[in-house]
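The next block holds one structure in the form of structure tokens; read it before the comments.
The values are calculated or read from the model by the stated rules, or taken from the named source; none is laboratory data. Since this is a predicted model, take the numbers as computed values, not measurements. FYI the Cβ positions are ideal-geometry reconstructions off the backbone, even for glycines, and counts take in every protein chain you see.
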Amino acid sequence: MLWRRGGALAGAIFNDSGTVIVRNSTFTHNDVDRGEGGVNDAGTDRASNGGDSGAAIFSLNGSLTLENATISDNFATGAGGGVVVVAFPLVRGVPALASFRLFNTIISRNDAEECILESTSDPTGGNNVGTIDGKGSGNLILDNNGCPGVAVTTDPHLAALAVDKHGKTGTPTLALPADSTAVDTGDDDPILATDQRGVARPQGPHTDLGVFEFAPPSANLALTSQTSATQIVAGNPFAYRVQLTNAGPDDAEDVVLSDLAPAGVTFTSCTSTEGTCTISGGGASLTLATVPDGDTVTITIPAILGAIVSDGATLVNTPSVTSSTSDPDNSNNSGSAGSTTITVHNKSDLLVTTQSSLTAVNFGGTLVYTVTVTNQGPFRRRPSLWSIHFPLRRYFSR
């Protein structure tokens, strides 16, 4: 007696004459393993092995719709490691009909014939056949056997299964790199509003294939600044403190911060919590290769206010920042968003009094004048040059 081991179908979904609709779903590392045929008692004859197919999805008759699915790295010991759709007459005299709709889906790295459409004849001799109504567009399939709507046949270079930090659902996905052949190659009719992570589609000129909509890296850089005092007396030192923050969602690359001193202000030095800040050409600058997502860099710039700046003047310091990484909001990279203002105080009320040591002096005598200068405020007086004119009298005798 010979024994034949059973087959294996549908590692994830088995559809038996029903209606299955799959959108924005990932199928990976599913497998179907067929049995091995037995041998007779004498060990001289071996039965055939069982069959296996549809490691991700096996659909028998009925209706199957896949939109923006990613089916990768599934395994079958035979062919059909991805999706298999079969129309097979199960009842004598009754034809079988299967419907298959396939849009913007990736089926890759599932070994040989990873997508199969198979119509079969009635095995009972009832002269009926199975018929598959297949329609599709914008699909990527590496090794195809009859599935509709293939647009791309090259490897999409999917990343490993992981939770993407841009996602809103916390669901692991197989990410697309920027140079993937699945990026911007989808059919925009139909198009799903979001991907599996909840990220809006499309991010580029066209929708992407599979569950992952690629978005170019972006980093929201923002500047804020303040001074050690808002009212500065002319001639006095003070300091600016500028904070650079990356609100993400990605790291910012090739970041350059520039800050030109306002008229009447001299930057004397510059320090930063990251990198090396330098003073040159009347301004401060800082270059950073990367500012990580969520990072804050603080730049401190000691300065001195010129002694001749007019009283009441307002001086605005306006730093700016640029990056090679796209910024979703440039309004906080320069201008009023990151500026700070100081008001100059350069006014004082001076009182000058004089007093002599004598009211009358004889010829050849000594007279002492005492001059007193009092600053009655409200602010410090810058160094000044004073001059005193004494009366000159000449006396003639006869």
Quiz prompt | Residue check for Gly81: over 24 Å from Leu176 (Cα atoms) and either of a type in the set (A, V, I, L, M, F, W, C) or more than 32 Å from the chain's Cα centre (by Cα) (or both) | solution = no
Quiz item: Does region 322-334 contain any residue that is outside any loop (DSSP other than H, G, I, E, B), small (Gly, Ala, Ser) and modelled with pLDDT of 70 or more?
Solution: yes
Exercise. Scan (1) within 24 Å of Leu315 (Cβ to Cβ); (2) touching a His at 6+ places or on another chain (Cβ under 6 Å) for the single condition Pro249 breaks and write down its number.
Key: (1)
Quiz item: Among the listed residues Arg201, Arg197, Arg241, which satisfies the condition of being more than 23 Å from the chain's Cα centre (by Cα) and either basic (Lys, Arg) or surrounded by 18 or more Cβ atoms within 10 Å (Cβ to Cβ) (or both)?
Solution: Arg241
Exercise. Kindly provide the set of residues from region 88-115 that are touching a Phe, Trp or Tyr at 6+ places or on another chain (Cβ under 8 Å), under 23 Å from Leu158 (Cα atoms) and buried (at least 19 other Cβ atoms within 10 Å of the Cβ), ordered by number.
Key: Asn110
Quiz item: Which number in (1) over 30 Å from Asp164 (Cα atoms); (2) crowded, with 17+ Cβ neighbours inside 10 Å; (3) free of Cβ contacts under 8 Å to residues at least 40 places away in the same chain marks the one condition that Ser280 misses?
Solution: (2)
Quiz item: List, please: which pairs have Cβ atoms under 9 Å, are six or more places apart or on different chains, and start with a residue in region 216-239 that is assigned by TED's automatic domain parsing to the domain that holds Glu253 and end with one that is of a type in the set (Asp, Glu) and at pLDDT below 85?
Solution: Ala234/Asp311
Quiz prompt | Scope region 58-87; condition β-branched (Val, Ile, Thr) and farther than 24 Å from Val152 by Cα; matching residues | solution = Thr77
